[in-house]
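Student: One structure, as structure tokens, below. Some questions next.
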Amino acid sequence: MIKVLLAEDVQMVRGALVALLGLEQDIEVVASIANGDEILPAVKEKEPNVAVLDIDLPGLDGLSAAAQIHDIAPGTRTLILTSLGRPGTLRRALDARVNGFILKDAPISQLTDAIRAVSVGRRVIDTQLALSAWDGDQCPLTPRELEVLRLTADGADAAEIAGSLYLSVGTIRNYLTTVTTKLDARNRIDAVRIAKKSGWL
């Protein structure tokens, strides 16, 4: 029996997935949760074989949870569900060492096949997502520039970012100017929009 943890914040979708997975003779949903902050405690308690995680969750997001699961529970495989087929999103998922990555609108048979494959150590990536990642542009920003832009996207101003990263306000402004130039953006807000659209944030 494959023990599955399911994290999905939309109640109707979560309920439908639990019901459909429950029809499979070899799959048992041992935890069904709506908030990302509940994932790690549930993994420790239930010890699932596979954690099926929505990429966008309140609290801890799916990719961050997957990376932490890899560290605290290496026996639990991770499978990301997303409605976003952006190349940068897939690259971020691979960086988080997820075992599988499929689109939410895939047939339930594709999800169950992916759960079975991931549970035995295989990696599963939706073909269309893989092709889009192959064809997509590489992120031109450095990890530090991405970090500054991510904090900007969260609403922090230059002084707040400087304080949290232990850098000067001038350095933060220089980073933001560089980011805006690299992304050919009109301003910081446009840079955030471009990075999110590309899946880099």
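The values are calculated or read from the model by the stated rules, or taken from the named source; none is laboratory data. What you see is a predicted model; the values in this text were computed from it and never measured. Every residue, glycine among them, receives a Cβ derived from its backbone with ideal geometry; neighbour counts consider all protein chains shown. Just the protein is used for accessible areas: all its heavy atoms, side chains included, with ligands, DNA and RNA removed. Shrake-Rupley method; radii C 1.70, N 1.55, O 1.52, S 1.80 Å.
Student: Working from Cα positions, state the angle (0 to 90°, nearest 10) between the long axis of helix 188-197 and the longest principal axis of the chain.
Tutor: 30 degrees
Student: Can you tell me the FRET efficiency between MET1 and ARG193 if r is taken as the Cβ-Cβ distance and R0 is 41 Å, rounded to the nearest 0.05?
Tutor: About 0.35, to the nearest 0.05.
Student: More than 19 Å apart: what percent of Cα pairs in the chain qualify?
Tutor: Value for the chain (Cα pairs over 19 Å): 62 percent.
Student: Another question, then. How far apart, in nanometres, would the label points at ASP113 and GLN68 be if each is projected 7 angstrom from Cα along the Cα-to-Cβ direction?
Tutor: 3.3 nm
Student: R0 = 35 Å: FRET efficiency of LYS182 with GLN11, Cβ-based, nearest 0.05?
Tutor: 0.30
Student: Using the heavy atoms of the protein chains alone and a 1.4 angstrom probe, what is the accessible area of the stretch 133-199 per residue in square angstrom?
Tutor: Spelled out: the 1.4 Å probe surface of the stretch 133-199, per residue, equals 62 Å².
Student: Also, I was wondering about something else. With just the Cα atoms defining each centre, how far is the stretch 146-201 from the stretch 1-79? Give it in Å.
Tutor: If you average the Cα positions of each part, the centres end up 32 Å apart.
Student: Decide, for the stretch 39-127, between rounded, prolate and oblate: order the square roots of the alpha carbon gyration tensor eigenvalues as a ≥ b ≥ c, take rounded if a/c falls under 1.5, and otherwise choose prolate if a/b is larger than b/c, else oblate.
Tutor: Oblate is the answer for the stretch 39-127, as a/c is 1.5 or above yet b/c matches or exceeds a/b.
Student: Over the chain, what is the relative contact order in whole percent, taking alpha-carbon pairs under 8 Å and six or more residues apart?
Tutor: The normalised contact order for the chain reaches 16 percent.
Student: Taking a probe of 1.4 angstrom, what is the accessible area of GLU45 in Å², to the nearest 10?
Tutor: Result for GLU45: roughly 130 Å² accessible.
Student: Which distance in nm do the two modelled labels at GLU45 and ALA153 give, with both placed 7 Å along the Cα-to-Cβ direction?
Tutor: In this crude spin-label approximation the distance works out to 3.1 nm.
Student: Compute the distribution of all C-alpha to C-alpha distances in the stretch 151-201, in bins of 5 Å from 0, and list the percent of pairs in each, rounded to whole numbers.
Tutor: In whole percents, the pair-distance histogram is 4, 23, 29, 25, 15, 4.
Student: In addition: Treating the angle as unsigned and between 0 and 90°, give the value, to the nearest 10°, between the Cα long axis of helix 11-22 and the longest Cα principal axis of the chain.
Tutor: The answer is roughly 40 degrees.
Student: Give me the percent of accessible area attributable to carbon and sulfur for the chain, probe 1.4 angstrom.
Tutor: Carbon and sulfur atoms account for 52 percent of the accessible area of the chain.
Student: Given GLY155, ILE172, ILE80, which one lies farthest toward the positive end of the charge dipole of the chain, if we put +1 on the Cβ of every Lys and Arg and -1 on the Cβ of every Asp and Glu?
Tutor: Most positive-ward Cα: ILE172.
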